[in-house]
Amino acid sequence: MRNDTVSAKEIIARKKDDEFWTPITEEEHDYYQKLIDKVRTTLEKGSKKQKGDALENLMTYVYGRFQIAFVEENLRKGDNQIDHVIRFIDGISPDFVSECVGTRMIGESKNHKKAVSVREVADLVELLRSKKAKIGLFTSSKTFSRGRNKNPWVHAEGKRRKLAIAYNNERIILGFTIDELELLKENNFYSMLKTKYYSLVDEIDDDVTDYHTDDLTEPYPVRLFHSLNQLKENKIIDEHAFEIALDNLENRYGKL
């Protein structure tokens, strides 16, 4: 007798990212752009409170579009305030959340115009440890600080990589700039989150793929694409194999 039942896990696995995080519709673009513009304006000439409120309002809107989580704002832990805790609902979350994120994610908004610092990375990792969370997200004007030659293994960028290794990928720090968040009018936040996660952990584990130029900020998926393209140019793989590999790359890291 054939069993035609489908498990809840299988149903969840078939869902698209748009069913986990609701895309911003065209009708909502103007409102969302006002949230973005408010952040940029207050960063230039607002008070500390105005800067914090604008950025936290933006992220409440973004995090609140998760269909598989509920969001808590401005939580107190001792003398510290946590901007956002995103709590994922057990049993309806996709594999990426269950395996890589866990039941909660911490969001921290940095209302200054500087790059994210080593101290800020270390503090967020400590917060993750205390809250038993795996992933912390920074929202900021600029990304993680690097050395003068953009070396990814020094300053804040290096700190988050070394801490990821030290904690066996159980404490991952990711970041979204305001410019990246503006792209959510066309992109899915959950998809971008997965791309950032896999790009970081895969690059850390990769001791082979090198940079193709002197630009040490070249994204890891782009470097993989260059290597794949070189295999095709050298006739080591044919066009069919190239297309299959490219499709696999984009499934994991997003459009290249």
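The values are calculated or read from the model by the stated rules, or taken from the named source; none is laboratory data. This structure is a prediction, so every number in the text was calculated from the model and none was measured. Cβ coordinates were reconstructed from backbone atoms using ideal geometry, including for glycine residues, and neighbour counts include every protein chain displayed. These area figures cover heavy atoms from the full protein model, side chains too; ligands, DNA and RNA do not enter into them. Shrake-Rupley method; radii C 1.70, N 1.55, O 1.52, S 1.80 Å.
Can you run down the residue pairs with Cβ atoms below 6 Å, 6 or more apart or on separate chains, where the first is in segment 202-228 and at pLDDT 90 or above and the partner is aromatic (Phe, Trp, Tyr)?
Correct list of pairs: Glu203/Tyr220; Glu218/Tyr211; Pro221/Tyr253.
Test Tyr167 against the stated conditions and say whether it is hydroxyl-bearing (Ser, Thr, Tyr), surrounded by fewer than 15 Cβ atoms within 10 Å (Cβ to Cβ), on the phi < 0 side of the Ramachandran plot and touching a residue at least 24 places away in the same chain (Cβ under 8 Å). Write out each step before concluding.
On the way: hydroxyl-bearing (Ser, Thr, Tyr): yes; surrounded by fewer than 15 Cβ atoms within 10 Å (Cβ to Cβ): yes; on the phi < 0 side of the Ramachandran plot: yes; touching a residue at least 24 places away in the same chain (Cβ under 8 Å): yes.
In short, yes.
Report the residue count in segment 6-24 for those that are of a type in the set (Val, Ile, Thr), in a loop (DSSP other than H, G, I, E, B) and open to solvent by less than 60 Å² (accessible area, probe 1.4 Å). Walk me through how you get there before you give the answer.
Looking only at segment 6-24, we keep the residues that are of a type in the set (Val, Ile, Thr), and these are 6, 11-12, 22, 24.
Keeping just the survivors that are in a loop (DSSP other than H, G, I, E, B) gives 6, 22, 24.
Imposing the further condition that a residue be open to solvent by less than 60 Å² (accessible area, probe 1.4 Å) reduces the set to 22, 24.
Residues flagged as of a type in the set (Val, Ile, Thr), in a loop (DSSP other than H, G, I, E, B) and open to solvent by less than 60 Å² (accessible area, probe 1.4 Å) within segment 6-24 amount to 2.
Which residue out of Thr5, Thr22 is more than 21 Å from Glu108 (Cα to Cα) and modelled with pLDDT of 95 or more?
The conditions single out Thr22.
In segment 232-256, which residue that is of a type outside the set (D, E, K, R) and open to solvent by less than 70 Å² (accessible area, probe 1.4 Å) is farthest from the chain's Cα centre (by Cα)? Talk me through it step by step, then tell me what you get.
Let us first name the residues in segment 232-256 that are of a type outside the set (D, E, K, R), namely 234, 236-237, 240-242, 244-246, 248-249, 251, 253-254, 256.
Now drop any that are not open to solvent by less than 70 Å² (accessible area, probe 1.4 Å), which leaves 237, 241-242, 245-246, 249, 253-254.
On the way: Ile237: 32, Ala241: 29, Phe242: 27, Ala245: 23, Leu246: 21, Leu249: 17, Tyr253: 11, Gly254: 12 Å.
Applying the filter and picking the extreme gives Ile237.
Out of all the residues in segment 81-119, which are more than 30 Å from Gly46 (Cα to Cα), open to solvent by 10 Å² or more (accessible area, probe 1.4 Å) and out of contact with any Lys or Arg (no Cβ under 9 Å at 6 or more places or on another chain)?
Within segment 81-119, Ile89, Asp90, Gly91, Ile92, Ser93, Ser98, Glu99 qualify.
Across segment 45-59, what is the total count of residues that are hydroxyl-bearing (Ser, Thr, Tyr) and open to solvent by less than 40 Å² (accessible area, probe 1.4 Å)? Break it down into steps so the answer makes sense when it comes.
Taking segment 45-59 and keeping what is hydroxyl-bearing (Ser, Thr, Tyr), we get 47.
With the extra rule that they be open to solvent by less than 40 Å² (accessible area, probe 1.4 Å), the set shrinks to none.
Matching residues across segment 45-59 total 0.
Would you be able to say whether some residue in segment 69-78 is of a type in the set (A, V, I, L, M), open to solvent by 30 Å² or more (accessible area, probe 1.4 Å) and within 18 Å of the chain's Cα centre (by Cα)? So that I can check it myself, show each step before the final result.
Quick first cut of segment 69-78, residues of a type in the set (A, V, I, L, M) only: 69, 71, 75.
Filter again for open to solvent by 30 Å² or more (accessible area, probe 1.4 Å), leaving 71, 75.
When the remaining residues are screened for being within 18 Å of the chain's Cα centre (by Cα), the result is 71.
Yes - at least one qualifying residue is present in segment 69-78.
Taking Phe144 and the conditions (1) in contact with a Lys or Arg (Cβ under 8 Å, 6 or more places away or on another chain); (2) farther than 28 Å from Ser47 by Cα; (3) buried (at least 21 other Cβ atoms within 10 Å of the Cβ), which numbered condition does it fall short on, given that it satisfies the others?
With (1) in contact with a Lys or Arg (Cβ under 8 Å, 6 or more places away or on another chain); (2) farther than 28 Å from Ser47 by Cα; (3) buried (at least 21 other Cβ atoms within 10 Å of the Cβ) applied to Phe144, the lone miss is (2).
Determine whether Thr42 is modelled with pLDDT of 95 or more, over 21 Å from the mean Cα position of the chain (by Cα), buried (at least 16 other Cβ atoms within 10 Å of the Cβ) and within 25 Å of Val121 (Cβ to Cβ).
Numbers: modelled with pLDDT of 95 or more: yes; over 21 Å from the mean Cα position of the chain (by Cα): yes; buried (at least 16 other Cβ atoms within 10 Å of the Cβ): yes; within 25 Å of Val121 (Cβ to Cβ): yes.
Considered against the rule, which asks whether it is modelled with pLDDT of 95 or more, over 21 Å from the mean Cα position of the chain (by Cα), buried (at least 16 other Cβ atoms within 10 Å of the Cβ) and within 25 Å of Val121 (Cβ to Cβ), Thr42 comes out as yes.
Given Glu170, Glu233, Glu186, which one is of a type outside the set (Phe, Trp, Tyr), over 28 Å from Val101 (Cβ atoms) and modelled with pLDDT of 95 or more?
Values: Glu170 fails: over 28 Å from Val101 (Cβ atoms); Glu186 fails: over 28 Å from Val101 (Cβ atoms).
Sole residue among the options that is of a type outside the set (Phe, Trp, Tyr), over 28 Å from Val101 (Cβ atoms) and modelled with pLDDT of 95 or more: Glu233.
Restrict the check to segment 132-148 and report whether at least one residue is closer than 21 Å to Leu193 by Cβ and modelled with pLDDT under 95.
Just the residues of segment 132-148 that are closer than 21 Å to Leu193 by Cβ, to begin with: 132-144.
The next check asks that each one be modelled with pLDDT under 95; those that pass are 132.
Looking through segment 132-148, at least one residue is closer than 21 Å to Leu193 by Cβ and modelled with pLDDT under 95.
Pick from Arg65, Arg76, Arg40: which is in contact (Cβ under 8 Å) with a residue 60 or more places away in the chain and over 27 Å from Ile12 (Cα atoms)?
Details: Arg65 fails: over 27 Å from Ile12 (Cα atoms); Arg76 fails: in contact (Cβ under 8 Å) with a residue 60 or more places away in the chain.
From the options Arg65, Arg76, Arg40, the qualifying one is Arg40.
Taking the condition at pLDDT 95 or above and either in contact with a strand residue (DSSP E or B) (Cβ under 7 Å, 6 or more places away or on another chain) or open to solvent by 70 Å² or more (accessible area, probe 1.4 Å) (or both), does Glu180 pass? Please lay out each step first, then the result.
Values: at pLDDT 95 or above: yes; either in contact with a strand residue (DSSP E or B) (Cβ under 7 Å, 6 or more places away or on another chain) or open to solvent by 70 Å² or more (accessible area, probe 1.4 Å) (or both): no.
Answer is no for this residue.
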